[in-house]
1. Write out, first by first residue and then by second, each pair whose Cβ atoms fall under 8 Å of each other, whose residues are 6+ apart or on separate chains, and whose first residue, in the range B:226-243, is on the phi > 0 side of the Ramachandran plot while the second is modelled with pLDDT under 95 and not in a helix (DSSP H, G or I).
2. Considering every residue within the range B:83-105, establish whether at least one is in contact with a strand residue (DSSP E or B) (Cβ under 6 Å, 6 or more places away or on another chain) and at pLDDT 90 or above.
3. Taking residue A:145 as meeting all but one of (1) more than 20 Å from the chain's Cα centre (by Cα); (2) modelled with pLDDT under 90; (3) crowded, with 23+ Cβ neighbours inside 10 Å, write down the number of the exception.
4. In the range B:28-39, which residues are modelled with pLDDT of 90 or more and exposed (fewer than 15 other Cβ atoms within 10 Å of the Cβ)?
5. Which residue, of B:40, B:99, is away from chain A (no Cβ under 14 Å) and under 15 Å from the mean Cα position of the chain (by Cα)?
6. For the range B:66-80, how many residues meet the condition of being free of Cβ contacts under 8 Å to residues at least 12 places away in the same chain and over 15 Å from residue A:97 (Cβ atoms)?
7. Given the structure, is residue B:70 modelled with pLDDT of 90 or more, within 14 Å of chain A (Cβ to nearest Cβ) and buried (at least 18 other Cβ atoms within 10 Å of the Cβ)?
């Protein structure tokens, strides 16, 4: 649905995005993740034909965004971040205007308007002037506009920014429904949103893509947490000597969200050695069983998969570190 | 074409619900009425040039800057231009519809002034040369087209509507000053140079319409200059896209 190759955009000396290459398949819901200023909006604006890239190529639904811009614009529903609308028009008037622009046939216009207003739950505000709507409602009108057509591809720039938690949940629920009929490409810096709605994540950091392999590695990099009763120093030392263990560090009680335990129950984070297929849990259980005579007991052992937040923090921190070193 | 109609409808909708639109129309009709009544009260006959001459100043200095300042500058400021340019519409359709919207609104204001002529029709006993009025109104429409397209072009350059209005006001004022100076007999010798200068000014051509003269040269002049500014405006939109 989207194919971007070596997209680069420079504003004067500033390079907003550099060599972006990625694909979005039909039916996917892809989250485009990055901190503010990472270049998300720039990328979306290029894909929606608002501005051309400095170099590189992009196609949407098989049409080139530079050469066949009109054809591309017929395929997409785009919601810019600031949700610009005409404040003097009524909701119904505005959507009818947009439906005409998007070539919804006259016979279908009323039903199409009803459909999008229903989907975005704004039917009760149809006669209200847009300027008097709350932020949440404006957002929904923008979304309703993007759904008109209906388009093959939805490009949403931070669809939940500026909404309160309840509205955010509603938009997310709406997104779940949209998934069924549309390909969605949405940018956000709210990670929970991505985890709950997207089938895939693309992370952008300072104008460059974090390679998907890297994201996969970070996501796959699981850790273990153990709670052990026994002399802390000796337990840690023994754990570190295990073959499959890269590091073992105590987790200070204040860093844990769990209810406090007695101080002699040491809470330990274990990072396995990369590239080994040995499960460190086997070794750990065997070790603890061997030391049972000395009063070592394994109370708890579990695997932890990093949250997207941790992956994101690591991906952006590593990149940032490298750039910092160069500077 | 379908896009053009939809966009023009939106333009008219916006101006007809805005206080600015009504305010402008009210001021315009008030001034027009004042000019009419001042002569009508005395003679019951109002001559074409009494009515239409002042429009040569009112339109470029006041009406056009106000009617055009928001057209593109406001869209840019509130970000709706992004919605517009990512919809499947051509730049030229956007520009033409904005021009058409402003022009039609102006035409509506002009249509309302016809009520004065009706009054004259019933109160004046002599013969009125309606043909000259028709030509005068045509002239008012054409000079409006020129200044509105110029105002639209200026509006495409700015993000602040007030700056756009100010710029087109100053530009029109300078043009009027040049026109004024050219008509001072002592300034520049009569000759080809002065004629060329005169020819470039819209007011020269406008005056022919006041005299009841429809010259294809004048029609071509207004048509070409108007088209030129509309063309420039689409180029500005394209260039802004490329920034």
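The values are calculated or read from the model by the stated rules, or taken from the named source; none is laboratory data. Computed from a predicted structure; not experimentally measured. Note: ideal-geometry Cβ built from the backbone for every residue, glycine included; neighbour counts use all protein chains shown.
1. Listed pairs, sorted by first residue: none to list.
2. Yes, the conditions are met somewhere in the range B:83-105.
3. Going through the list (1) more than 20 Å from the chain's Cα centre (by Cα); (2) modelled with pLDDT under 90; (3) crowded, with 23+ Cβ neighbours inside 10 Å, residue A:145 breaks only (2).
4. B:30
5. Within the list B:40, B:99, the selection yields B:99.
6. Kept after step one, since they are free of Cβ contacts under 8 Å to residues at least 12 places away in the same chain, are these residues of the range B:66-80: B:75, B:78-80.
From what's left, over 15 Å from residue A:97 (Cβ atoms): B:78-79.
Going through the range B:66-80 one residue at a time, the tally reaches 2.
7. Spelling it out, residue B:70 is indeed modelled with pLDDT of 90 or more, within 14 Å of chain A (Cβ to nearest Cβ) and buried (at least 18 other Cβ atoms within 10 Å of the Cβ).
Residues are listed down the side, and each one gets a yes or a no for (1) within 11 Å of chain B (Cβ to nearest Cβ); (2) in contact (Cβ under 8 Å) with a residue 12 or more places away in the chain; (3) closer than 17 Å to residue A:142 by Cβ:
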residue	(1), (2), (3)
A:52	yes, yes, no
A:63	no, yes, no
A:69	yes, yes, no
A:77	yes, yes, yes
A:80	yes, yes, yes
A:83	yes, yes, yes
